[in-house]
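Here the structure is laid out as structure tokens; the discussion comes afterwards.
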Amino acid sequence: MQNITKPYFYTWSEQDTAPCFPLDKTLEYSFISNGHEIDELSAISFQCSFGLKNKIIEGYIKDQLDNFGVCSAKADYQLKTDVTNKLLSLLKLESGKIFYTVSGAESVENALKVARIFTNKNKVAARFKSYHGATRGALEVTGDWRNRAANVEQKNIVRLPDFQDDMDASESIKIIENNKNELAAIILETIPAANGVYVPTKEYLQALQSACKSNGILFILDEVVCGFYRTIEPFGYQNFNLKPDIVCMAKGISGGFIPFGAVYFNEKISNYFNQNILPCGLTNYAHPLGLITLKAILELTSTKSFQNQLHNNKITLENFIKSLHHEKNVDETRVIGLLSAIETKKYIPWDNFFKNNLSIVSIKDGNKGRIILSPFLTAPEDVLKKSLDKLLKNIREIDE
């Protein structure tokens with residue numbers, strides 16, 4: 001869409017040509033732009049897992065505002081304790097502690113900082129095709145184009161091959177062992193999102209975890225996209241029977257309603273700071289509106305109705321992906337839970353979808369394209385099917 005100069009920046013874009021659109025209002029699972037209802041198939045950058053409006057979550061936030069909407073990071077109160085214990089239980093890991101943030105990038109930043117302090121090492125290993133956030137430290141471990149665009153230093157980063165280029169993890173293990181004396185940690189997106197939804201095998205991930213354990217290297221998983229039921233399990237790593245030392249969370253943790261994030265640290269790391277200063281802090285640390293939103297989501301997702309809807313939508317998406325195998329413009333597909341990638345022989349610009357009342361992640365890869373799907377977890381099946389039908393029409397139109 002044509003961009004008109006505004007007094008604010010657009011993200012990840014040349015400002016003169018940045019894609020943008022007018023927003024009139026949001027509905028539960030769609031939004032109105034210039035009087036047109038637009039279906040949303042990307043959960044607005046993967047975070048709005050529970051819709052654009054949600055009466056349960058919004059009701060909890062309103063009630064908390066009536067009690068208190070802001071407080072000191074030093075304040076102890078029942079909500080803070082109860083929600084943290086429930087989150088630790090959902091992670092299904094050994095005892096540890098949670099550090100709260102307000103974004104995925106800040107979760108990664110604090111994970112890396114603590115890992116380097118705890119191990120007294122500076123280097124971190126990360127994949128080539130990876131994204132971990134937009135702040136300086138998060139971009140340092142990021143491997144995709146956003147790292148290069150920001151001109152971030154790489155002196156403390158060791159690059160690992162992507163899963164699809166090292167499916168038995170042998171090359172990655174060699175790199176880890178060759179750098180073990182300097183490596184504080186490796187950080188991986190359990191399953192990358194915009195970089196392709198390449199779903200690793202259990203054997204691959206467990207091999208990397210074992211290499212870390214045997215060489216005294218921390219195993220950090222970036223669950224910013226995969227966390228909170230995006231892959232059906234509460235967390236992506238639970239599909240692979242992993243026990244990470246550190247887990248980074250954001251996006252689905254608050255469904256996009258409140259900027260919020262968290263980092264889990266295992267017991268050994270947590271105990272280190274009993275007698276050592278934790279040099280981490282945020283003005284909005286453990287914000288009560290973030291905590292109440294997380295409480296609402298933990299209670300919502302524990303219900304039978306949510307679990308039934310989640311599994312029905314998983315089947316709907318899987319059936320749709322299978323139906324694409326005979327489409328002329330489709331090269332390859334990948335899917336896990338409610339996260340999927342469609343590789344197309346011809347790139348379909350984002351504008352093309354939007355003109356047909358569909359909002360989606362569409363990425364140019366040479367002359368080819370990649371569509372990333374992350375639909376709402378709670379959408380009724382007829383809503384999801386209607387959006388997928390629109391998508392199929394757009395994919396077919398490119399051949400006409």
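The values are calculated or read from the model by the stated rules, or taken from the named source; none is laboratory data. What you are looking at is a predicted structure, and each value in this text was computed from that prediction instead of being measured. All Cβ positions, glycine included, derive from the backbone under ideal geometry; neighbour counts span all protein chains shown. Only protein heavy atoms, including side chains, enter the accessible area calculation; ligands, DNA and RNA are left aside. Shrake-Rupley method; radii C 1.70, N 1.55, O 1.52, S 1.80 Å.
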### Query
Can you tell me how many residues in the range 278-331 are basic (Lys, Arg), in a helix (DSSP H, G or I) and closer than 30 Å to Lys346 by Cβ?
2
### Query
Can you find a residue in the range 25-38 that is open to solvent by 20 Å² or more (accessible area, probe 1.4 Å) and in contact with a helix residue (DSSP H, G or I) (Cβ under 7 Å, 6 or more places away or on another chain)?
yes
### Task
Select, from Gln275, Gln206, the only residue that is out of contact with any Phe, Trp or Tyr (no Cβ under 9 Å at 6 or more places or on another chain) and either open to solvent by 50 Å² or more (accessible area, probe 1.4 Å) or assigned to a helix (DSSP H, G or I) (or both).
Gln275
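Yes/no matrix, rows are residues, columns are (1) closer than 21 Å to Phe265 by Cα; (2) in contact with a Ser or Thr (Cβ under 8 Å, 6 or more places away or on another chain):
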{"site": "Lys97", "(1), (2)": "yes, yes"}
{"site": "Ala115", "(1), (2)": "yes, no"}
{"site": "Asn120", "(1), (2)": "yes, no"}
{"site": "Arg136", "(1), (2)": "no, no"}
### Query
In the range 351-400, which residue that is out of contact with any helix residue (DSSP H, G or I) (no Cβ under 8 Å at 6 or more places or on another chain) and polar (S, T, N, Q) is surrounded by the most Cβ atoms within 10 Å (Cβ to Cβ)?
Ser387
### Task
Report yes if some residue within the range 340-353 is in a strand (DSSP E or B), more than 21 Å from the chain's Cα centre (by Cα), under 11 Å from Ile395 (Cα atoms) and among the hydroxyl-bearing types (Ser, Thr, Tyr); otherwise report no.
yes
### strands (runs of 3 or more DSSP E) contained in the range 36-148 and holding at least 2 residues over 25 Å from Asn276 (Cβ atoms) and in contact (Cβ under 8 Å) with a residue 12 or more places away in the chain
36-40, 123-127
### Task
Mind telling me which of the residues Gln2, Gln47, Gln15 ends up being at pLDDT 95 or above and not charged (D, E, K, R)?
Gln47
### Query
Do we have Ile186 as in a strand (DSSP E or B) and touching a residue at least 24 places away in the same chain (Cβ under 8 Å) here?
yes
### Task
Kindly indicate which of Tyr237, Tyr229 is among the aromatic types (Phe, Trp, Tyr) and either assigned to a loop (DSSP other than H, G, I, E, B) or in contact with a helix residue (DSSP H, G or I) (Cβ under 6 Å, 6 or more places away or on another chain) (or both).
Tyr229
